[in-house]
Structure formats: structure tokens, C-alpha cells
Amino acid sequence: RLSRRAGRAWPGLLADALGAAASQPPYQAPPRAPVLYIKPRNTLNGPDGAVVLPADVPEFEAGATLAVVFARSACRVSARDALEGVAGYTIVNDFSVPHAEYYRPAVRFTARDGSCCIGPRVVARLRIADPDALDLRVYVDGQLAQQGSTRDLIRPVRQLIAEVTDFM
């Protein structure tokens, strides 16, 4: 079973997902830095791979997001130059156990075996006019369960790359 709670599942819309909770303890405000999820090797899955719901998990949330594929290592790049090291983009359908901790999600909720479906192909960077203007949709059993756009992300792709490559 997948959760059909569209507003909560798409990680790129963190501010919308948290709503008023972002201003409550322990957070007090929306994030000032990117919120990153750990997706170790065990989570990687192909676009047509089976996502198995473990016996101890009542449901998964599905969240479509844009994946940035790098052509080379990137370290401390500026937002202005951020896309120059990008080979292209692909889609990720990220499954996680529903949880309320968006700033500090427990690995056990986000790193389940086979829970990160990637692909099916990488679209070259030069074929995407604006990575910050892409529509994303998730269908569950043929029904639209969730939709969003990269234009609604907290940070544009260039800024996100610059902020993340500043420390890793």
C-alpha cells in the first residue's frame, strides 16, 4: 500500500509539507540550509524494480523528485557555475515510511531496501531549458496521487548545488 497523502510526500516542497509545524518547537522556522536524506546503496532500484513493503511497515509514501546527475566531481561551485558540471537529469520516485521528522528523519524511515527508484534515462542538461520549471506527477494504480513542480522548490537547482557542494 502506498500513501496517497500528496502534500506530505513530495520532499521538495518541504515548507508546504511542514506548514505551521515549521514555526513550532523544535524547529522555530523553515530550514536555512538544505535538508538532505541519506539514500545508501541498498535503497537504489531501477525504474521498473519492485518496491517491497516490509512486514513491519504499514505503508510507504511515494515522492517524485528531480535527480541531478553530475558529469564530474563538484566541490565549492558557485550558483552561477553550478550547472556546468551537470551531465543531465532523471526522475526519482523516493519511497519512505511516513514520519513527522523532516529536519532530522531517522534513517530507518528513508533508507529501506529498494526504496529509491531511479530512471529510466538521463536527459542531457542541454535538452532541459530550465530545471526549475519541470512538472512532476506520481500515479498509484493508474490514479494521479501527487503532483508538483520544481518551480515550487525551496531552492533553485543552481543554489542547491552551490550550497551542498560547499560542504561535501
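The values are calculated or read from the model by the stated rules, or taken from the named source; none is laboratory data. This structure is a prediction, so every number in the text was calculated from the model and none was measured. Heads up, the Cβs are rebuilt from the backbone with ideal geometry, glycines too, and the neighbour counts pull from every protein chain shown. Surface areas here come from the heavy atoms of the whole protein model, side chains and all, with no ligands, DNA or RNA. Shrake-Rupley method; radii C 1.70, N 1.55, O 1.52, S 1.80 Å.
Residues in region 58-75 that are open to solvent by 50 Å² or more (accessible area, probe 1.4 Å) and within 18 Å of ARG127 (Cα to Cα): 2 in all. Scanning region 82-95 for residues that are touching a Cys at 6+ places or on another chain (Cβ under 9 Å), touching a residue at least 40 places away in the same chain (Cβ under 8 Å) and open to solvent by less than 40 Å² (accessible area, probe 1.4 Å) turns up ASP94, PHE95.
Just one of the listed residues (ALA129, ALA79, ALA55, ALA100) is open to solvent by 40 Å² or more (accessible area, probe 1.4 Å), in a loop (DSSP other than H, G, I, E, B), in contact with a helix residue (DSSP H, G or I) (Cβ under 7 Å, 6 or more places away or on another chain) and not charged (D, E, K, R), namely ALA79.
Of all residue pairs spaced 6 or more apart or on separate chains, those with beta-carbon atoms under 8 Å, a first member in region 43-66 that is in contact (Cβ under 8 Å) with a residue 60 or more places away in the chain and a second member that is part of a loop (DSSP other than H, G, I, E, B) and open to solvent by 40 Å² or more (accessible area, probe 1.4 Å) are THR43/ARG112; THR43/ASP113; ASN45/VAL51; GLY46/PRO120; PRO47/PRO120; ASP48/PRO120; VAL52/ASP113; LEU66/LEU134. If you go through region 73-89 and pick out every residue that is in contact with a strand residue (DSSP E or B) (Cβ under 8 Å, 6 or more places away or on another chain) and at pLDDT 95 or above, you end up with 4.
Among the residues of region 103-117, the ones that are out of contact with any Gly (no Cβ under 7 Å at 6 or more places or on another chain) and either within 20 Å of GLN159 (Cα to Cα) or not in a loop (DSSP other than H, G, I, E, B) (or both) come to 6 in all. Among the residues of region 43-50, is there at least one that is within 17 Å of LEU126 (Cα to Cα), assigned to a strand (DSSP E or B), open to solvent by 60 Å² or more (accessible area, probe 1.4 Å) and at pLDDT 90 or above? No, region 43-50 has no match at all. Taking the criterion of being free of Cβ contacts under 8 Å to residues at least 60 places away in the same chain, open to solvent by 80 Å² or more (accessible area, probe 1.4 Å) and closer than 25 Å to VAL52 by Cα, would at least one residue in region 146-162 satisfy it? There is no residue in region 146-162 that is free of Cβ contacts under 8 Å to residues at least 60 places away in the same chain, open to solvent by 80 Å² or more (accessible area, probe 1.4 Å) and closer than 25 Å to VAL52 by Cα.
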